[in-house]
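Visitor: Below: one structure in structure tokens.
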Amino acid sequence: MCGIVGYVGGREAAPIVLEGLSRLEYRGYDSAGIAVLDASGILTLARDVGKLSNLTSRLEGAYPPGCTGIGHTRWATHGGATELNAHPHVDTAGDVVVIHNGIVENHRELRDELVFAGAVFRSETDTEVIPHLIARELTIGLNLEEATRAALQRIQGAAAVLVMRRQEPDVLVAARIANAGGVVIGYGEGEMFVASDLPALAGHTRSVVFLDDGDMVRVTATGATYSRLSGEVLTREPQTVDLENTAIGKGVYEHYMAKEIAEQPEAVLDTLRGAAQFDPPAVFLPGLGLDDDAIASLSRVVVIGMGTSLNAAQVGRIYMEQLAGLPAETDNASEFRYRRPIIDGTSLVLAVAQSGETVDTLEAMHEAKRRGARVVAICNTPGSQATRIGDGTVFLRCGPEVAVASTKTFLGSITALYLLACYLGEKRGFLTGRRLGQALDDLARLPQLIGEALKSDAATLAVAERHYQSEHFLFLGRGPQFPVAMEGALKLKEVSYIHAEGYAAGEMKHGPIALIDAAMPVVAIAVKDDHYTKMLNNIDQVRAREGKVIAIATAGDTLLPEKAQDVIYVPEAPTLLQPLVTAVPLQMLAYHMARLRGCDIDQPRNLAKTVTVE
Ligand code: M6R
């Protein structure tokens, strides 16, 4: 959730830390803060509420001096978005400085204990117990690393922390406990970096080490030493990561969301590249981590995820059934992990997570592994935790997604799930040569079809102009379009704050129909597939109650203009791949509605790109 950046080296830390934070702001934007230490131990702290730009414009031209610094963008969990609650937090004496991503579950009892012992708390955050705990350990003569280790052993919950201390001005200490989100250490020439995500390191280094759960690191300008929280010393060799596409801008677009919607044909093509071969037909998934015997032994698939990734998982379930011939189900990762799922070594759990850092999904993966299931991540982020927990990974290769509302990774996840279903289907003898060839030929047309769907932008804008003042929306779809209806509703509520619900259209008459009146636009995904006639019935039922219908229709459909007030056309596509086409105008609809309503499209209120707390 929160973004973390640290620097120690020969240059001024503040501009480097602030620049790194600017690349992580999508993680949280309730408030931001930095702390900088100079060589003589003078500490300067600066924090502000709201977006990072508030802090940067306040500091412009007067950066706090010093070559060691840490910074944080916050997504509030405990305590409101106020300056006092913004990180970094310090101990009573102002010696120990901490930034934190995660939740300290036992913070109340620790706070009571620390206050009783004389600690002065200045914020309402759970985080503030950490500098006070460390400070207490320092009084018995430990150094910062030792004191941090001792303090973190008292903490229950999730924590990625970055710590510095006035009396050790050339040292940073970082640690990661219990799936609190990533911590990556970057190696420069005579300088070192710490960050929660790779984008913060772009332009500085490609040589990195990722901390595992329970790892600690002591970082100075010349290197890093690693250990476990238990004290065991570790050896970690830096690996080289591809950060080429990480330093990204909006280009000609006003918002990242618009840019990322437009990038979708390329994102899908890149996901296919190297994985799909068309002649002769074959799928290559070298990172899958399942051999032929394991694949042959599978009895079922469970596809899990959260938010948009869960909607992609719902489409993936259909692929697993129809292309791989495997019984399949989906679940919210947050429910799956607690419902004592009945799975074993013949179960394949697919964890869809663009970031690879969503804590519910990571914990569900651990739970699946504990129960002996095969676990594969469907992920967009190399090096992320999801890619390291599972037996293997199928990557979507969409490049970094910056807008908080996911778009291109929805399509990328669905594409990756389709490839995986073809792969499993072929290995299991379910998708024979001719059918595999057809399935892959269909896939080959996809980038072009998505490009065609993008041409509905003007029509979508016109629809948005007619409806942007509506306060409620209903989205209906059947079969593979049901998850798209869910995703259309999710996108709309996220970026425009309009109340929107997605339903399986068959469900409409079992309750939602009571909501329909002249003020309720209903988006009906009524493309020409096996469900078309049934969707026409739904549309008639909506119209009979004076509802306004916005139909998503197959190009050339002449019936729907007679039935619906608005029609947005998409190109005809193979039924199983149609979700990748119909999702596009729904994303654009949400975008245009939000723009017309003056919303903060790339950083909607209350949301964060990566949700690393429960
Ligand atoms: O990184 P993940 O795919 O695991 O993220 C899951 C959800 O948090 C994410 O899809 C969220 O719902 C987005 N804001 C949707 O636009």
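The values are calculated or read from the model by the stated rules, or taken from the named source; none is laboratory data. Because the structure is a prediction, the values reported are computed rather than measured. Quick reminder, even Gly has a Cβ in these numbers, built from the backbone with ideal geometry, and neighbours come from all protein chains shown. For the accessible areas, the whole protein counts, side chains as well, though only heavy atoms, and no ligand, DNA or RNA atoms are used. Shrake-Rupley method; radii C 1.70, N 1.55, O 1.52, S 1.80 Å.
Visitor: Scan segment 216-234 for residues that are touching a Gly at 6+ places or on another chain (Cβ under 8 Å), hydrophobic (A, V, I, L, M, F, W, C) and surrounded by fewer than 20 Cβ atoms within 10 Å (Cβ to Cβ) and jot them down.
Guide: ALA221, LEU229
Visitor: May I pose another question? Scan the strands (runs of 3 or more DSSP E) fully inside segment 509-585 and keep the ones with 1 or more residues being of a type in the set (Lys, Arg) and farther than 29 Å from TYR418 by Cβ.
Guide: Answer list for segment 509-585: 548-554.
Visitor: HIS255 versus (1) within 16 Å of the ligand (Cβ to nearest atom); (2) open to solvent by less than 20 Å² (accessible area, probe 1.4 Å): which is the lone unmet condition?
Guide: Here HIS255 meets the rest and fails (2).
Visitor: Out of segment 403-421, which residues are farther than 16 Å from VAL349 by Cα, within 12 Å of the ligand (Cβ to nearest atom) and not basic (Lys, Arg)?
Guide: Result: ALA403, VAL404, ALA405, SER406, THR407, THR409, PHE410, GLY412.
Visitor: Return the residues of segment 492-507 that are open to solvent by less than 10 Å² (accessible area, probe 1.4 Å) and within 16 Å of the ligand (Cβ to nearest atom); say none if nothing qualifies.
Guide: Across segment 492-507, the qualifying residues are LEU492, VAL495, SER496, ILE498, ALA500.
Visitor: Please work out which residue is farthest from the ligand (Cβ to nearest atom), limiting yourself to segment 589-614 and to residues that are assigned to a helix (DSSP H, G or I) and open to solvent by 10 Å² or more (accessible area, probe 1.4 Å). Full working, then the answer.
Guide: We begin by selecting, within segment 589-614, every residue assigned to a helix (DSSP H, G or I); these are 589-596.
Retained after the next criterion (residues that are open to solvent by 10 Å² or more (accessible area, probe 1.4 Å)): 591-592, 595-596.
Details: TYR591: 12, HIS592: 16, ARG595: 16, LEU596: 19 Å.
For segment 589-614, the residue satisfying everything is LEU596.
Visitor: Inside segment 358-368, can you point out the residues that are touching a Gly at 6+ places or on another chain (Cβ under 7 Å) and either at pLDDT below 90 or near the ligand (Cβ under 6 Å from one of its atoms) (or both)?
Guide: THR361
Visitor: Could you identify the single residue in ALA485, ALA489 that is free of Cβ contacts under 8 Å to residues at least 40 places away in the same chain, surrounded by 24 or more Cβ atoms within 10 Å (Cβ to Cβ) and farther than 19 Å from ALA555 by Cβ?
Guide: Exactly one of ALA485, ALA489 is free of Cβ contacts under 8 Å to residues at least 40 places away in the same chain, surrounded by 24 or more Cβ atoms within 10 Å (Cβ to Cβ) and farther than 19 Å from ALA555 by Cβ, namely ALA489.
Visitor: Another question, if that's okay. Give the residues of segment 508-530 that are over 24 Å from MET588 (Cα atoms), surrounded by 14 or more Cβ atoms within 10 Å (Cβ to Cβ) and in contact with a helix residue (DSSP H, G or I) (Cβ under 9 Å, 6 or more places away or on another chain), sorted by residue number.
Guide: Scanning segment 508-530 gives MET508, ILE513.
Visitor: Still on this structure, please answer the following. Pairs only if they're at least six apart or on different chains, beta carbon under 7 angstrom, first in segment 498-510 and among the aliphatic types (A, V, I, L, M), second in a helix (DSSP H, G or I) and open to solvent by less than 10 Å² (accessible area, probe 1.4 Å); list them, first residue then second.
Guide: These pairs meet every condition: ILE498/LEU492; ILE498/MET593; ALA500/ALA489; ALA500/LEU492; ALA505/MET535; ALA505/ASN538; MET508/ASN538.
Visitor: Please work out which residue is farthest from the ligand (Cβ to nearest atom), limiting yourself to segment 382-402 and to residues that are closer than 14 Å to LEU272 by Cα and crowded, with 23+ Cβ neighbours inside 10 Å.
Guide: VAL394
Visitor: Sort out which residues of segment 332-357 are within 14 Å of the ligand (Cβ to nearest atom) and in contact with a strand residue (DSSP E or B) (Cβ under 6 Å, 6 or more places away or on another chain), and write them in order of number.
Guide: Residues satisfying the conditions are ALA333, PHE336, LEU350, ALA351, VAL352, ALA353, GLY356.
Visitor: Separate question: Is segment 444-458 home to any residue that is of a type in the set (Asp, Glu), under 30 Å from LYS548 (Cβ atoms), within 16 Å of the ligand (Cβ to nearest atom) and part of a helix (DSSP H, G or I)?
Guide: From segment 444-458, those of a type in the set (Asp, Glu) are 452, 457; that's our starting set.
Filter again for under 30 Å from LYS548 (Cβ atoms), leaving 452, 457.
Still in the list and also within 16 Å of the ligand (Cβ to nearest atom): none.
Within segment 444-458, none of the residues are of a type in the set (Asp, Glu), under 30 Å from LYS548 (Cβ atoms), within 16 Å of the ligand (Cβ to nearest atom) and part of a helix (DSSP H, G or I).
Visitor: Can you name the residue in segment 422-443 that is among the basic types (Lys, Arg) and part of a helix (DSSP H, G or I) and, of all such residues, is nearest to the ligand (Cβ to nearest atom)?
Guide: Initially, segment 422-443 is screened for residues among the basic types (Lys, Arg), giving 427-428, 434-435.
From what is left, the residues that are part of a helix (DSSP H, G or I) are 427, 434-435.
Working: LYS427: 27, ARG434: 35, ARG435: 30 Å.
Restricting to residues being among the basic types (Lys, Arg) and part of a helix (DSSP H, G or I), the top hit is LYS427.
Visitor: Let me ask something else. Taking segment 310-355 on its own, how many of its residues are within 21 Å of PRO480 (Cα to Cα), in a helix (DSSP H, G or I), in contact with a helix residue (DSSP H, G or I) (Cβ under 6 Å, 6 or more places away or on another chain) and in contact (Cβ under 8 Å) with a residue 60 or more places away in the chain?
Guide: First pass over segment 310-355, keeping only residues within 21 Å of PRO480 (Cα to Cα): 310-333, 349-354.
Then drop every residue that is not in a helix (DSSP H, G or I), which leaves 310-322, 333.
Pick out the ones that are also in contact with a helix residue (DSSP H, G or I) (Cβ under 6 Å, 6 or more places away or on another chain) and you get 311-312, 314-316, 319-320, 333.
Add one more test, that the residue is in contact (Cβ under 8 Å) with a residue 60 or more places away in the chain, and what stays is 311-312, 314-316, 319-320.
The total comes to 7.
Visitor: Could you run through segment 32-45 and say how many residues are within 23 Å of THR77 (Cα to Cα), touching a helix residue (DSSP H, G or I) at 6+ places or on another chain (Cβ under 8 Å) and either modelled with pLDDT of 95 or more or polar (S, T, N, Q) (or both)?
Guide: 2
Visitor: List the number of the failed condition for VAL303; all other conditions in (1) away from the ligand (no atom under 12 Å from the Cβ); (2) part of a helix (DSSP H, G or I); (3) surrounded by 24 or more Cβ atoms within 10 Å (Cβ to Cβ) hold.
Guide: Status for VAL303: all satisfied but (2).
Visitor: Specify which of the listed residues (ARG374, ARG340) is more than 28 Å from ARG206 (Cβ to Cβ), touching a Leu at 6+ places or on another chain (Cβ under 7 Å) and charged (D, E, K, R).
Guide: Details: ARG340 fails: touching a Leu at 6+ places or on another chain (Cβ under 7 Å).
Result: ARG374 is the single residue among ARG374, ARG340 that is more than 28 Å from ARG206 (Cβ to Cβ), touching a Leu at 6+ places or on another chain (Cβ under 7 Å) and charged (D, E, K, R).
Visitor: Right, something else. Among ASP279, ASP292, ASP213, which is over 30 Å from THR346 (Cα atoms) and open to solvent by 20 Å² or more (accessible area, probe 1.4 Å)?
Guide: Among ASP279, ASP292, ASP213, only ASP279 is over 30 Å from THR346 (Cα atoms) and open to solvent by 20 Å² or more (accessible area, probe 1.4 Å).
Visitor: Scan segment 161-179 and tell me whether some residue there is part of a loop (DSSP other than H, G, I, E, B), at pLDDT below 95 and over 23 Å from the mean Cα position of the chain (by Cα).
Guide: At the first step, the residues of segment 161-179 found to be part of a loop (DSSP other than H, G, I, E, B) are 166-171, 178-179.
With at pLDDT below 95 added as a condition, the list becomes 178-179.
Subsequent filtering for residues that are over 23 Å from the mean Cα position of the chain (by Cα) retains none.
Checked against the condition, which is being part of a loop (DSSP other than H, G, I, E, B), at pLDDT below 95 and over 23 Å from the mean Cα position of the chain (by Cα), segment 161-179 yields no hits at all.
Visitor: Here's something else I'd like to know. Quick check on segment 180-210: of everything there that is part of a loop (DSSP other than H, G, I, E, B) and open to solvent by 30 Å² or more (accessible area, probe 1.4 Å), which residue is nearest to THR68 (Cα to Cα)?
Guide: GLY190
Visitor: Out of segment 322-331, which residues are out of contact with any Lys or Arg (no Cβ under 7 Å at 6 or more places or on another chain) and more than 16 Å from the ligand (Cβ to nearest atom)?
Guide: Those that are out of contact with any Lys or Arg (no Cβ under 7 Å at 6 or more places or on another chain) and more than 16 Å from the ligand (Cβ to nearest atom): GLN322, LEU323.
Visitor: Can you confirm whether SER299 is without any contact (Cβ under 8 Å) to a residue 60 or more places away in the chain and hydroxyl-bearing (Ser, Thr, Tyr)?
Guide: yes
Visitor: Has segment 467-474 got any residue that is within 21 Å of CYS599 (Cβ to Cβ), within 15 Å of the ligand (Cβ to nearest atom) and part of a helix (DSSP H, G or I)?
Guide: Filtering segment 467-474 for residues within 21 Å of CYS599 (Cβ to Cβ) gives 467-474.
With within 15 Å of the ligand (Cβ to nearest atom) added as a condition, the list becomes none.
No, the conditions are met nowhere in segment 467-474.
Visitor: Follow-up. Looking only at residues in segment 239-260 that are among the small types (Gly, Ala, Ser) and assigned to a loop (DSSP other than H, G, I, E, B), which one is modelled with the lowest pLDDT?
Guide: From segment 239-260, those among the small types (Gly, Ala, Ser) are 247, 249, 251, 258; that's our starting set.
Narrowing the set further to residues that are assigned to a loop (DSSP other than H, G, I, E, B) leaves 247, 249, 251.
Details: ALA247: 48, GLY249: 71, GLY251: 74.
Out of the qualifying residues, it is ALA247.
Visitor: Something else: Mind telling me which of the residues GLY287, GLY274, GLY251 ends up being free of Cβ contacts under 8 Å to residues at least 60 places away in the same chain and over 14 Å from ALA444 (Cα atoms)?
Guide: GLY251
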